[in-house]
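This report refers to the structure that appears directly beneath it.
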Amino acid sequence: MDFGTIFGVIVGLVLISMAIVSGGGGNAFIDIPSILITVGGTLAALFIGFPIAKIKGVFAVTGKTLKAGKMDITPWYHKLIELATLARRDGILAIEESLNDIDEDFLKRGLQMLVDGNSADSVSKIMEMEIENMEERHSIGHSMWGSLGNYAPAFGMIGTLIGLVKMLQNLSDPSTLGASMAVALLTTFYGALMANLFCVPLKNKLEQRTAEEVALKQMLLSGILSIQSGDSPRVIGEKLEVYLSPQERASLKQSGGESFDPKKI
């Protein structure tokens, strides 16, 4: 579970709520028509701009992404070293027996291509295309959350304009102007809150997750091609360390470095 997202949302809502309540006017920030205009208009624009199937898919993927938590690529580093050791000792065909134990489809497909005798150029082109297609699919989600971040403040402003029109129609009663103006501004408040506490941060987080997944797949592809070229596990380990963060490299060294025994090669 991605506790950072949950923590950020809770802290943001709590602090904003405390600021509202401390002013003694909590009920003044609740207006159903303003909520309907902002939320309803934003969702309506979303359905106009994106197919329903895409919207369902993006929300589902967003939920899974947030539940997954931080992506750790270190186990895949060790897995590639293990496979490189096996291929170095028993040949590439020996990898086939290990395919059923791999739950990463990208790695499994690439290794199967090695076992099937595909050339390095063919493997590289096909797997790079898969990475590009994944980025394209993910960009739809980024675009959707970015659009929500644009729609919400816009409909907040529309609600404010509606409120101002109504207020100007009742100028004969000055006592109602203050309350009418406050309600008119609430839609702008709701729109800004939706955009800056939910939509834009989620877009940024999904972009970071996509970058992490791309880095993982590039590391896996590098390992696959290195195994095919017959590099030693130690050389492959040095190549793969490029994809690890400084913290992950330090942790790797503390745990004893490569997870293979050169004497078995």
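The values are calculated or read from the model by the stated rules, or taken from the named source; none is laboratory data. Keep in mind it's a predicted model, so treat the numbers as computed, not measured. Reconstructed Cβ throughout: ideal geometry from the backbone, glycine too, with neighbour counts over all protein chains shown.
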> Of all residues in region 110-149, which are crowded, with 17+ Cβ neighbours inside 10 Å and within 21 Å of residue 200 (Cα to Cα)?
Replying inline: 138, 141, 142, 144, 145, 146, 147, 148, 149
> Just wondering, is there one or more residues in region 47-61 that are surrounded by fewer than 11 Cβ atoms within 10 Å (Cβ to Cβ), within 21 Å of the chain's Cα centre (by Cα) and touching a residue at least 24 places away in the same chain (Cβ under 8 Å)?
Replying inline: no
> Quick check: is even one residue across region 42-49 touching a helix residue (DSSP H, G or I) at 6+ places or on another chain (Cβ under 8 Å), assigned by TED's automatic domain parsing to the domain that holds residue 218, modelled with pLDDT of 90 or more and not hydrophobic (A, V, I, L, M, F, W, C)?
Replying inline: yes
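Each row is one residue, and each column tells you yes or no for (1) in the same structural domain as residue 183 (by TED's automatic domain parsing); (2) under 30 Å from residue 179 (Cα atoms).
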position	(1), (2)
4	no, no
10	no, yes
21	no, yes
53	yes, no
56	yes, no
60	yes, no
80	no, no
98	no, no
101	no, no
> Is it the case that residue 191 is surrounded by 20 or more Cβ atoms within 10 Å (Cβ to Cβ), in the same structural domain as residue 59 (by TED's automatic domain parsing), more than 16 Å from the chain's Cα centre (by Cα) and farther than 30 Å from residue 79 by Cα?
Replying inline: yes
> Got a number for residues in region 1-32 being exposed (fewer than 15 other Cβ atoms within 10 Å of the Cβ), farther than 30 Å from residue 139 by Cα and either of a type in the set (Ser, Thr, Tyr) or touching a residue at least 12 places away in the same chain (Cβ under 8 Å) (or both)?
Replying inline: 4
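The rows are residues; the columns are (1) within 30 Å of residue 220 (Cα to Cα); (2) among the charged types (D, E, K, R); (3) out of contact with any His (no Cβ under 6 Å at 6 or more places or on another chain).
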{"residue": "120", "(1), (2), (3)": "yes, no, yes"}
{"residue": "123", "(1), (2), (3)": "yes, no, yes"}
{"residue": "133", "(1), (2), (3)": "yes, no, yes"}
{"residue": "136", "(1), (2), (3)": "yes, yes, yes"}
{"residue": "152", "(1), (2), (3)": "no, no, yes"}
{"residue": "159", "(1), (2), (3)": "no, no, yes"}
> For residue 70, all conditions in the list (1) part of a helix (DSSP H, G or I); (2) in contact (Cβ under 8 Å) with a residue 24 or more places away in the chain hold save one; what is the number of the exception?
Replying inline: (1)
> Among the residues of region 1-46, which ones are over 30 Å from the mean Cα position of the chain (by Cα), in a loop (DSSP other than H, G, I, E, B) and either on the phi > 0 side of the Ramachandran plot or of a type in the set (A, V, I, L, M) (or both)?
Replying inline: 24, 30
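To keep it simple, each residue is scored yes or no on (1) within 24 Å of the chain's Cα centre (by Cα); (2) modelled with pLDDT of 95 or more; (3) within 30 Å of residue 226 (Cα to Cα); (4) of a type in the set (Lys, Arg).
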{"residue": "105", "(1), (2), (3), (4)": "yes, no, yes, no"}
{"residue": "115", "(1), (2), (3), (4)": "no, no, yes, no"}
{"residue": "118", "(1), (2), (3), (4)": "no, no, yes, no"}
{"residue": "123", "(1), (2), (3), (4)": "no, no, yes, no"}
{"residue": "137", "(1), (2), (3), (4)": "yes, no, yes, yes"}
{"residue": "142", "(1), (2), (3), (4)": "yes, no, no, no"}
{"residue": "158", "(1), (2), (3), (4)": "no, no, no, no"}
> Applying the selection to region 194-218, what residues are over 9 Å from the mean Cα position of the chain (by Cα) and of a type in the set (A, V, I, L, M)?
Replying inline: 194, 195, 197, 200, 214, 215, 216
> In region 206-219, is there at least one residue being touching a helix residue (DSSP H, G or I) at 6+ places or on another chain (Cβ under 6 Å), over 16 Å from residue 41 (Cβ atoms) and acidic (Asp, Glu)?
Replying inline: yes
>> The conditions are (1) in a loop (DSSP other than H, G, I, E, B); (2) out of contact with any Lys or Arg (no Cβ under 8 Å at 6 or more places or on another chain); (3) crowded, with 17+ Cβ neighbours inside 10 Å, and residue 172 fails exactly one of them. Which is it?
In response: (3)
